[in-house]
Amino acid sequence: MSRPKAEPVIRIDDERFRATEWRFAPGAETGWHRHDHDYVVVPLADGTLRLEESGGGSREAPLKRHLPYSRPLGVEHNVINAGDAPLAFLEVEAVGGVLAAGRHAVMERFAAAWNARDLDALMACMAEACAFHAAAGQGASGAVHQGREAVRAAYGAIFETFPEARWTDPRHSISGDVGLPRWRFVGIDRAGAPVEVDGCDVLTFEEGGTLIALKDTYRKARS
Ligand code: NI
């Protein structure tokens, strides 16, 4: 038996959320699909769904208008309007979780690359159009290095300035496009003087991607 297809209408599709209004004629189905994101369903009408689930099971679930429910990623099913009236619900998928996880992974690789003094690995974390605003410099933003070649040279100069350098106890957090690694810098400069100060980077990620467009660095100044 072939069923009519439910009609998806995309209401929001940005880097954080995808909201799809699903409209079902009586007997219509979504077709089999797997959810790659956590999601919330907001019924737009009362009704009854039949859920065909992976493993061969099938069950009916009542929908109550405006009473939402949430499901975790990994759900795999076919969804059918089991009632004899049209039905609709709004499905909101948290697609931003995947982006945040990817950005978090880049922050961890970036931190490891600093401690490994690995310039190639550092630049692999930087976006095509990138910049570095150093902790010190003559301008209000510190020394500004723009473009991949300039950023790479500036990172290399840090390793030359500090023959020994560790960014210890890294703690990473992310909010939207901004990543915030906090660390304690422990090193020895070329004159043999030890340096130990807390600091952080305000990282701006490229729009919709996981690479770093700007590393803006802040360090305590001892006096
Ligand atoms: Ni579904």
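Results, tabulated for the structure shown:
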{"item": "Residue match in the stretch 74-97 (condition: out of contact with any Lys or Arg (no Cβ under 6 Å at 6 or more places or on another chain), in a helix (DSSP H, G or I) and not basic (Lys, Arg))", "result": "yes"}
{"item": "Conditions (1) among the hydroxyl-bearing types (Ser, Thr, Tyr); (2) touching a strand residue (DSSP E or B) at 6+ places or on another chain (Cβ under 8 Å); (3) at pLDDT below 95: number failed by SER2", "result": "(2)"}
{"item": "Top-ranked residue in the stretch 11-32 [being of a type in the set (Phe, Trp, Tyr) and in a loop (DSSP other than H, G, I, E, B); ranked as farthest from the ligand (Cβ to nearest atom)]", "result": "PHE17"}
{"item": "In the stretch 182-202, the residues that are among the basic types (Lys, Arg) and either touching a residue at least 40 places away in the same chain (Cβ under 8 Å) or in contact with a Cys (Cβ under 9 Å, 6 or more places away or on another chain) (or both)", "result": "ARG182"}
{"item": "Neighbours by Cβ (under 7 Å, 6+ apart or cross-chain): first from the stretch 33-50, among the charged types (D, E, K, R) and modelled with pLDDT of 95 or more; second part of a strand (DSSP E or B) and exposed (fewer than 15 other Cβ atoms within 10 Å of the Cβ)", "result": "ARG50/SER58; ARG50/GLU60"}
{"item": "Selection from the stretch 80-92 of residues that are more than 11 Å from the ligand (Cβ to nearest atom), surrounded by 18 or more Cβ atoms within 10 Å (Cβ to Cβ) and not hydrophobic (A, V, I, L, M, F, W, C)", "result": "ASN81, GLY83"}
{"item": "Filter pass, HIS77 being in contact with a Ser or Thr (Cβ under 9 Å, 6 or more places away or on another chain), surrounded by 15 or more Cβ atoms within 10 Å (Cβ to Cβ), more than 30 Å from GLU149 (Cα to Cα) and not acidic (Asp, Glu)", "result": "yes"}
{"item": "Criterion: outside any strand (DSSP E or B), touching a helix residue (DSSP H, G or I) at 6+ places or on another chain (Cβ under 6 Å) and surrounded by fewer than 18 Cβ atoms within 10 Å (Cβ to Cβ) - qualifying residue of ALA113, ALA121", "result": "ALA121"}
{"item": "Residue tally, condition among the basic types (Lys, Arg) and surrounded by 13 or more Cβ atoms within 10 Å (Cβ to Cβ), over the stretch 33-64", "result": "1"}
{"item": "Qualifying residue in the stretch 33-52 (condition: within 14 Å of the ligand (Cβ to nearest atom), touching a His at 6+ places or on another chain (Cβ under 6 Å) and either within 30 Å of TRP167 (Cα to Cα) or outside any strand (DSSP E or B) (or both))", "result": "no"}
{"item": "Residue count for the stretch 124-182, restricted to those that are in a strand (DSSP E or B) and over 26 Å from ARG222 (Cα atoms)", "result": "10"}
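The values are calculated or read from the model by the stated rules, or taken from the named source; none is laboratory data. As the structure is a computational prediction, the values presented were derived from the model and not from experiment. Don't worry about glycine lacking a Cβ; one is built from the backbone with ideal geometry, like all the others, and counts go over all protein chains shown.
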